[in-house]
Amino acid sequence: MSILEYSVAKKIYTNLLGITPAPNEVGIISKEVTIDYTDVSGASFEINLGELPEGSVLLHSQVDVSVPFTDGNIHPFFSLGLSTQEESSIEYPVTYDFRELIFDQLRLNNVGIIDSQGELTDADVDKTLNKTLNGMNVLFKMTGSWGSGGNLNLARRLLGGCGNHNAALCMGGIIGSPQNQTEEYGGASWSVGGALGTSRRYIKGAGIQDAALCTGGHTGSVIGTTEEYNGASWSAGGALNTSRYAHATSGLQSAALVVSGYTTVAISSSEEYNGASWTSSNDCNAPRYSSDSAGTQDSSILIGGTTGGTSGGLSSCEEYNGTTWSVTNNLNVAQAYGASFGLSSYEATTCGGYDTSAAQLSSTEEFDGTNWTVSNDLNSSVDGNACAGSQTSGLSTGGWNGSTDTATTEEYTQNSLSDLTQGSLTLFVTYTHV
């Protein structure tokens, strides 16, 4: 298996110490370490500063990380400015675009090797810069891609979904009128399951394929009833304290969370389910409906939605820690009537919906607990879809494509790290001779 070679661009910071040397006065010494990306911790560099001319001023140091793959694609690299701490961790979205990230711009005198003026003296020429990346993790967060899955037996929109990517469940929705049909996904095709007791639309599901929950919705009027699925049939559960539709639901059958939605106005109230009854919890910060959520009862993220009128989709998001809601960073693309999947508030993926002009979306974004990263689009734009799965492998099914209800299922898979080969870290020390 051959290793693809990539050249590393070198940024020269000539103004870091307040000087502007001529280009021919700038030099670089480097040390390369071959590493296995499965065990970056312990990569060690040693550069003898005696290789620099006496009186040299150290401008900058950085570690360039090569990212060789064997799949023939163009891949990125990034650079780490060295810090005075022995441990550092970075996360980089590999999107097969050429890019470079420079973090800290560090003068090497911060590690006690040169004097306060940034100059090497006669006494310093035998000093050695030792840097070991103890505990350092280079974490490659791979963006995902969508592929075709098996179609639903009944095309519909505004349905609920839950479960895993290869053991998913969808229920209800509308095609002309509210539906009660349930379907189960086995990783390749959908089969009809037990029907809901009450046909309903504008719903979301929670739980897994054989222990699922369906709450609230709209039958022609707003309802608050809950139904529980055991893998074969639905039975009545505890009713919501506040009837609602177009709400967000996350968690498990025995530990679920409902938030936001619509009654006669957009609401912000949230409720927690213990497998038998619902208890009111703290409100989210902003009333909204047709938003979505992912995660668990005590680690959930509320995504997008709308406030109605001419507002279109929202980009705002909130995180729930089991007690309170806090505002987090916005989506890159505002959306309402989208769908999401993920196992916690810091590991979620959202897709589809409509934007601020009510046009169907194909956009997909991943959340890491702090920021949303744009991933590869759905193959078809859709809103009112349902989702299931984890951030690394999920699915989207059903919805409205702008002209008709759809039965299409798409499966999402994050790119595997298996294509990574052994690469290298290179320490560059940039200096000028004055």
Quiz item: Pick from the stretch 337-360 the residues that are over 15 Å from the mean Cα position of the chain (by Cα) and either free of Cβ contacts under 8 Å to residues at least 24 places away in the same chain or surrounded by fewer than 24 Cβ atoms within 10 Å (Cβ to Cβ) (or both): which of them is nearest to G163 (Cα to Cα)?
Solution: Q360
Quiz item: So is G312 in a loop (DSSP other than H, G, I, E, B) and either more than 19 Å from the chain's Cα centre (by Cα) or under 16 Å from S145 (Cα atoms) (or both) or not?
Solution: yes
Quiz prompt | Of residues in the stretch 260-287 being within 16 Å of C214 (Cβ to Cβ) and within 26 Å of the chain's Cα centre (by Cα), the one surrounded by the most Cβ atoms within 10 Å (Cβ to Cβ) | solution = G261
Exercise. Would you mention how many residues in the stretch 381-401 are among the small types (G, A, S), over 12 Å from the mean Cα position of the chain (by Cα), under 20 Å from Y185 (Cα atoms) and assigned to a loop (DSSP other than H, G, I, E, B)?
Key: 3
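Answer yes if at least one residue in the stretch 224-235 is in contact with a His (Cβ under 9 Å, 6 or more places away or on another chain), closer than 21 Å to N385 by Cα and surrounded by 24 or more Cβ atoms within 10 Å (Cβ to Cβ), and no otherwise.
no
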Quiz item: So which strands (runs of 3 or more DSSP E) are wholly in the stretch 111-200 and hold at least 1 residues that are modelled with pLDDT under 95, farther than 23 Å from T219 by Cα and over 30 Å from the mean Cα position of the chain (by Cα)?
Solution: 128-132
Quiz item: Could you say whether any residue in the stretch 237-250 is in a strand (DSSP E or B), over 20 Å from N330 (Cα atoms) and not acidic (D, E)?
Solution: yes
Quiz item: Considering the stretch 360-413 alone, what residues qualify as being modelled with pLDDT of 95 or more, over 24 Å from P178 (Cα atoms) and hydrophobic (A, V, I, L, M, F, W, C)?
Solution: L378
Quiz item: Across the stretch 202-225, what is the total count of residues that are of a type in the set (D, E, K, R) and farther than 16 Å from L240 by Cα?
Solution: 1
Exercise. Sort through G238, G216 and tell me the only one that's buried (at least 20 other Cβ atoms within 10 Å of the Cβ) and not polar (S, T, N, Q).
Key: G216
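The values are calculated or read from the model by the stated rules, or taken from the named source; none is laboratory data. Here the structure is a predicted model, which is why all the values come from computation and not from measurement. Every residue, glycine among them, receives a Cβ derived from its backbone with ideal geometry; neighbour counts consider all protein chains shown.
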